[in-house]
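Following this message is one structure expressed as C-alpha cells.
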Amino acid sequence: MDGFDTNTNVIVVAATNRPDVLDPALLRPGRFDRQVILDRPDLRGRVAILKVHTKGKPLDKTIDPENLARQSPGFSGADLANLVNEAAILAARRNRKTIGMAEFNEALERIVAGPERKSRIISDAEKRIIAIHEGGHAVVQRVLPKCDPVNKVTIISRGMALGYTMALPMEDRYLQSKTEFEDKIAGLLGGNAAERLIFGDTTTGASNDIEKATDLARRMVTEWGMSDKMGPLAFGKRDEMIFLGREIGEQRNYSDDVAKMIDEEVRVLIENGYVRATQTLTEHKVRLLALADKLIAEETVESEEFEKLFADLPPKENLHGISLLPTPGVSTFSDPTPHEPPAAPAPSPSPSAP
Ligand code: NHX
Ligand code: ZN
C-alpha cells in the first residue's frame, strides 16, 4: 500500500460485497492490488465450518456434520452458525441433554421455510387443495429424471406457505443444464397443474411457484443461451450484486422486436413445462390421489414413506449414475418420541441468540 514505508510490515486488508462499483483508483498496483474472492463454502467447507460452530456443544452421537452439510447447500458461514444456534435453542426448549438430529432438522426447516404455524385453522376443503398442490409438485419431481429427489412433503403451514415440498440436492453444483431446468420448471408448475387436473380450477396459492418458473425460463432465454430460436446471445445487462446473487435492475439493450421474441420463447418454455407436468400427473393420477390422502391423514410424508408409493419406478440417479435414494436418518424431521427428563443441564445457546 502506497504511503507506508516499505519496511513497516503493515498489510492493509479490506472487504466488500460490491467490488464492481469500487473506484478503480483504489485497485491500482501499489494500492489494494490483490483480490481474494471468498465464495460461499462448498460441501467440504460447510463440514469444516459446522465442526467449528459445534465444538464444545453437547451433540448427540447421531449428528454427522457431513450429513448436515449435505442438507445445507448455499448456506454461508453465518447461516451455518445460525443453524447450530437455532438447533441448540430448540434442544434447550425441549429439555434435551444433547442437540439431536430432530433439532437440527427443525432448525434447517425454520431457516429455509420459516417457523411452523400450527395455529392457522384450515378447512377440510382447503386442506384437500393444499394436499393436491403439494402432491403435484412431489409426483412431478419424483418422476422427471432431472429433478432433485423429494425429501419431504407437508401441508403444515410454515412462514408464508400453507404447504411445501422439500427437495434435497445431493451434491454441490456449479453447472446446470437446460434439460435440468426444463424438469425443474415442470416441477415448479406441478402444484398448479395438479389443482387444475383434479379440481378443474386453480387458486392464488401458486403465485410464488409461477414467479420462480417464469424467472427461470426468462434467464434461460436471456442469459444462458438455452433457446434455440434466440441463440447464444445475452439480452439485457443485469445490474446485480454479484457476490450477493441479488439482482438490482436490468438495462435493456435490445429492440422491441427482440423483446417480443424473448417473451414468446419464455412462454414456450413455460407451456412445455406445464404440459409435461400435466402429462406426468395424468399418468400417475392414482399416486397423486394416494399421496394427497396420506397428506390429509398425516400432514407430513417423509422420503421413506414417499418412496413406497414409487417402489416400481427406478430410483433417481445423479450425473454419475449413482442412485439418489435419500440416506435413511436424513429426513426424520418431527420427533414423535416423548421428551426425556433433563438429567443434565440443557445445552445453552450461544450469546448471539436472537
Ligand atoms: C395467502 N399463502 O397468502 C396464503 C397464506 C398453494 C397450497 N393467502 O407453492 O402457501 O397462498 O408448494 C415464499 C414462499 C406467497 C413466498 C412461499 C409468497 C407463498 C406455497 C402464497 C401452497 N407450495 N402460497 C407453494 C402457498 C399462500 C405465497 C411466498 C410463498 C399453496 C403455496 C402462499
Ligand atoms: Zn407450490
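Could you work out the relative contact order of the range 1-92, using alpha carbon pairs under 8 angstrom and six or more residues apart, expressed as a whole percent? The partial results should precede the final answer.
Details: 47 pairs, mean separation 25.8, N = 92.
Relative contact order of the range 1-92: 28 percent.
Sticking with this one: Given an 8 Å cut-off on Cα distances and at least 6 residues of separation, report the relative contact order of the range 33-183 as a percent. The partial results should precede the final answer.
Numbers: 173 pairs, mean separation 31.3, N = 151.
About 21 percent, as a whole number.
Once a ≥ b ≥ c are taken as the square roots of the eigenvalues of the Cα gyration tensor of the range 1-110, is the result rounded (a/c under 1.5), prolate (a/b larger than b/c) or oblate (a/b not larger than b/c)?
Values: a/c = 3.47, a/b = 2.73, b/c = 1.27.
Prolate, because a/c is 1.5 or more and a/b exceeds b/c.
Rank these for me by crowding, Asp209, Asp183, Asp33, going from fewest to most other beta carbons within 10 Å. Spell out each step's value before the answer.
Numbers: Asp209 20, Asp183 23, Asp33 10.
Going from sparsest to densest Cβ surroundings: Asp33, Asp209, Asp183.
If packing is taken as the average number of other Cβ atoms within 10 Å across a peptide's residues, how do 37-43, 260-266, 21-27 rank, most packed first? Don't skip to the answer; put the middle values down first.
Details: 37-43: 12.6, 260-266: 16.1, 21-27: 9.7.
So the peptides 37-43, 260-266, 21-27, ranked by packing, come out 260-266, 37-43, 21-27.
A further question follows. Say a paramagnetic label sat at a point 7 Å from the Cα of Glu299, along Cα to Cβ; which residues of the range 114-130 have their backbone N under 15 Å from it?
Counting only backbone N, you get 115-124, 127-128.
While we're looking at this one, here's another question. Taking amide H atoms as placed 1.01 Å from N in the peptide plane, list the residues 5 or more away in sequence, or in a different chain, whose amide H sits under 5 Å from that of Gly225.
HN-HN under 5 Å from Gly225: Leu233.
Whose amide H sits under 5 Å from the amide H of Asn151, counting only residues 5 or more places off or on another chain, with H placed in the peptide plane?
Excluding prolines and chain starts, which carry no amide H, the hits are Met166, Ala167, Leu168.
Separate question: Count the net charge of all other residues whose Cβ sits under 10 Å from the Cβ of Phe310, scoring Lys and Arg as +1 and Asp and Glu as -1. Kindly include the intermediate steps, with their values, before the conclusion.
Numbers: positive: Arg142, Arg287, Lys308, Lys316; negative: Glu307, Asp312.
Counting the neighbours of Phe310, the net charge comes to +2.
Would you mind ranking Leu291, Leu188 so that the residue whose beta carbon has the fewest other beta carbons within 10 Å leads the list?
Values: Leu291 26, Leu188 29.
Placing the least packed residue first, the sequence is Leu291, Leu188.
Can I ask one more? Please list, in chain and number order, the residues 5+ apart from Leu59 or on another chain whose amide H is under 5 Å from its amide H, with Hs placed from the backbone.
Residues meeting the amide H criterion: Ile99.
Among 89-101, 113-125, how do they line up by average Cβ neighbours within 10 Å per residue, starting with the highest?
Numbers: 89-101: 19.4, 113-125: 10.9.
Going by the mean number of other Cβ atoms within 10 Å, highest first, we get 89-101, 113-125.
Also, quick follow-up: Full-extension gain between Glu66 and Asp263, please, as 0.36 nm times their residue separation minus the C-alpha to C-alpha distance.
Working: separation 197, 0.36 × 197 = 70.92 nm, distance 4.26 nm.
66.7 nm is the gain from fully extending Glu66 to Asp263.
With Kirkwood's inverse mean 1/r over C-alpha pairs for Rh, give me the Rg to Rh ratio of the range 73-180, two decimals please.
Working: Rg = 16.2 Å, Rh = 15.8 Å.
Checking Rg against Rh, the ratio lands at 1.02.
How far apart, in nm, are the 7 Å Cα→Cβ label points at Asp5 and Asp42?
For Asp5 paired with Asp42, the spin-label model returns 4.4 nm.
Computed from the coordinates by the stated procedures, all read-outs in this text should not be read as laboratory data. Since this is a predicted model, take the numbers as computed values, not measurements. All Cβ positions, even for glycine, are placed from backbone atoms using ideal geometry, and neighbour counts span all protein chains on display.
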